[in-house]
1. Binning at 10 angstrom from zero up to the longest distance, how are the C-alpha pair distances of segment 1-86 distributed in percent?
2. Quick one: pull the percentage of alpha-carbon pairs in segment 14-58 with a separation above 14 Å.
3. Taking 1 over the mean of 1/r across every pair of different Cα atoms in segment 58-131, what Kirkwood radius in Å do you get?
4. If every alpha-carbon in the chain counts as one equal scatterer, what log10 I(q)/I(0) does Debye give at q = 0.08, 0.10, 0.11, 0.18 1/Å?
5. Please report, in whole Å³, the volume per residue of the convex hull around the C-alpha atoms of segment 100-157.
6. Roughly how tilted is helix 2-17, in degrees to the nearest 10 and between 0 and 90, from the longest Cα axis of the chain?
7. Given R₀ = 25 Å, FRET efficiency for Glu114-Val40 by Cβ-Cβ distance, to 0.05?
8. Which of Asp42, Asp168, Asp154 moves most in a GNM of the chain, Cα contacts under 10 Å?
Amino acid sequence: KVLKEFTEVMLKQRQARGALDLETVEPIYEFDSQGAVVGVSDSSRYFAHKMIEESMLVANVCAANFLEQQGVQFLRRVHPPPDLKKVTQLSDRLSIFGIKALPDDVASARDYSEVLTEAFDHPSRKSISSLILRSMSQAFYSEKKGGHFGLNYDCYTHFTSPIRRYPDLDVHRKIKSVILKTKLIDQNLDELAISCSHQERNSDKAS
């Protein structure tokens with residue numbers, strides 16, 4: 001019950017700062033006995049999923065703020081604003097659905113969020129969400145300061161999946177080092193950021 005109340009507060013904060021809420025769904029594939037795909041359907045998304053997602057976002061922000069306050073260099077998760085050309089293309093496509101165009105100069109996360117709000121009850125809502133997602137720049141890892149456009153955070157990192165993502169593991173090690181007052185291992189964060197971003201692209205292609 002407490003987590004439900006917490007999630008409702010975080011969702012209001014998300015809306016207030018203009019962060020995007022792209023409700024993407026994972027496809028569920030149905031296979032026959034030979035392993036061939038015979039059907040595809042959308043997975044369900046419940047409020048329970050949002051409870052987990054918002055908790056993970058808060059954990060990531062807390063981890064990033066903690067390391068920044070301690071003056072420790074770490075792998076940040078950076079999501080740059082979309083390219084102006086892609087914003088223009090998106091506006092053209094949105095007009096087909098009768099959705100208002102984005103600003104011609106620099107589109108903010110709040111502008112995108114307003115489009116999603118307008119499209120909430122639209123019969124082509126999923127298509128519009130897909131178009132918005134494809135117009136976005138790719139997120140990457142960096143040792144340099146940079147915000148997260150989609151979530152509208154100034155400081156963000158990946159912390160919640162240390163068993164499957166190396167950047168999260170590295171952040172865990174650094175937090176542990178600060179708490180235990182042990183010496184940090186010397187590393188080239190720039191090279192590590194490039195490597196982790198590259199491996200992420202390879203993983204996405206494989207999927």
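1. Result, from short to long distances: 12, 29, 29, 20, 8, 1 percent.
2. 66
3. 14.6
4. So the normalised log intensities work out to -0.35, -0.54, -0.65, -1.39.
5. Output value, Cα hull per residue: 98 Å³.
6. 70
7. 0.20
8. Asp42
Readers should treat all values here as calculations from the given coordinates under stated rules, not as data from a laboratory. As the structure is a prediction and not an experimental result, all values here were calculated from the model. Cβ coordinates were reconstructed from backbone atoms using ideal geometry, including for glycine residues, and neighbour counts include every protein chain displayed.
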